[in-house]
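The values are calculated or read from the model by the stated rules, or taken from the named source; none is laboratory data. Just so it is clear, the structure is predicted and the values come from calculations on it, not from any experiment. Cβ placement follows ideal geometry from the backbone for every residue including glycine, while neighbour counts extend to all protein chains displayed.
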Amino acid sequence: MSQESVISELQRLGMSGYEAKAYVALIAAGTPLNGYEVAKRSGVPRSTVYETLGKLVSRGAAYEVRAGEASVGYISLPPSALLDRMRREFDASIDTLRDALPQVASPPQVRLVHNLTDRASLLARAEDVVAAARNDLFLSGWPAEIDPLKPVVRRAESEGVEVSVVSFGEDDDPVGNTTAHRFSTPEVVLENLGCRLLVVSADREQAVIGGVVNGDAWGVYTDDPAVVLVAVEYVRHDIAMHLIAERFAPDDFESFWTSDPALRRLRADHGIPAALLRRGPAGASAPPRRGRRSGT
């Protein structure tokens, strides 16, 4: 990682640009530097370098070192110690805000709904939902979308969250109580839906629902109770169906699943769900309906 990248990350953690540059100059030197030397090595203006170093000293990221009555140098707090201190301070702030923010927040007047327009934002918002879980977590999706969420899912599970997952495809490293979708192959489900559908819901309070196809994605985040209820029941229904299917003899269930007229009718709208998601703003033309197909 370049020094510029390190400086950017330090800024994200609360240092000003000048503070980050001065700190990097100090750790790169490995020996005490005076203000002139810090300014020369870091690019911090000489007119502000002592103010900047004073701020580093105040936050405990650097210390003054006196080599004589008139000579003052500065040495950095070791990086590992700095990062540990930042982590402790950050965690303490999070704990304080977790208690304080609900006390100043007004009850919601409207329910939040916002669109997610690409795969990165879809997964980032899904990760937010997973991280917010305190009691239960429901996920349904393909391994390609579930895998990036696994670290935060495992953290939630370790904190006592009950995790239920439906995976469309083999998962060699499952999380929580994972049910492998077996009614139809992932390829058939993908053809039926027209996308890799991802559903994530936490504590029956918020949900992310989205679709991924090739490199494109779209979706929605909401805390609307009605939508969250549907998202949760979608995952619960899939799990319940698999538990019921296990009571059938394999051949009997396969025959029922592929031949029953009512089920064939429900699966006849190949690709329509994804087309509706892609449709965009209300009022856009509906996707053309396809004729019924004989495949499953």
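For the stretch 48-59, the criterion of being under 34 Å from the mean Cα position of the chain (by Cα) and of a type in the set (A, V, I, L, M) is met by at least one residue.
Yes/no per residue for (1) under 14 Å from Y36 (Cα atoms); (2) in a helix (DSSP H, G or I); (3) of a type in the set (S, T, N, Q):
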position	(1), (2), (3)
Y50	yes, yes, no
V57	no, yes, no
G60	no, no, no
Y63	no, no, no
I75	yes, no, no
A81	no, yes, no
R85	no, yes, no
F90	no, yes, no
I94	no, yes, no
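Applying the criterion of at least 1 residues that are modelled with pLDDT of 90 or more and more than 22 Å from N192 (Cα to Cα) to the helices (runs of 4 or more DSSP H) found wholly in the stretch 215-277 leaves 225-245.
Going through (1) among the small types (G, A, S); (2) touching a residue at least 60 places away in the same chain (Cβ under 8 Å); (3) closer than 20 Å to S164 by Cα one by one, A240 falls short only on (2).
Here D99 fulfils each of the conditions (1) surrounded by fewer than 15 Cβ atoms within 10 Å (Cβ to Cβ); (2) within 21 Å of D203 (Cα to Cα); (3) in the same structural domain as L198 (by TED's automatic domain parsing) apart from (3). One residue alone among R155, R134 is under 19 Å from the mean Cα position of the chain (by Cα), under 21 Å from V227 (Cβ atoms), assigned by TED's automatic domain parsing to the domain that holds R264 and not β-branched (V, I, T), and that residue is R134. Restricting attention to the stretch 130-184, the residues being aromatic (F, W, Y) and surrounded by fewer than 23 Cβ atoms within 10 Å (Cβ to Cβ) number 2.
If the condition is being without any contact (Cβ under 8 Å) to a residue 40 or more places away in the chain, polar (S, T, N, Q) and part of a loop (DSSP other than H, G, I, E, B), then the stretch 167-212 contributes only T185.
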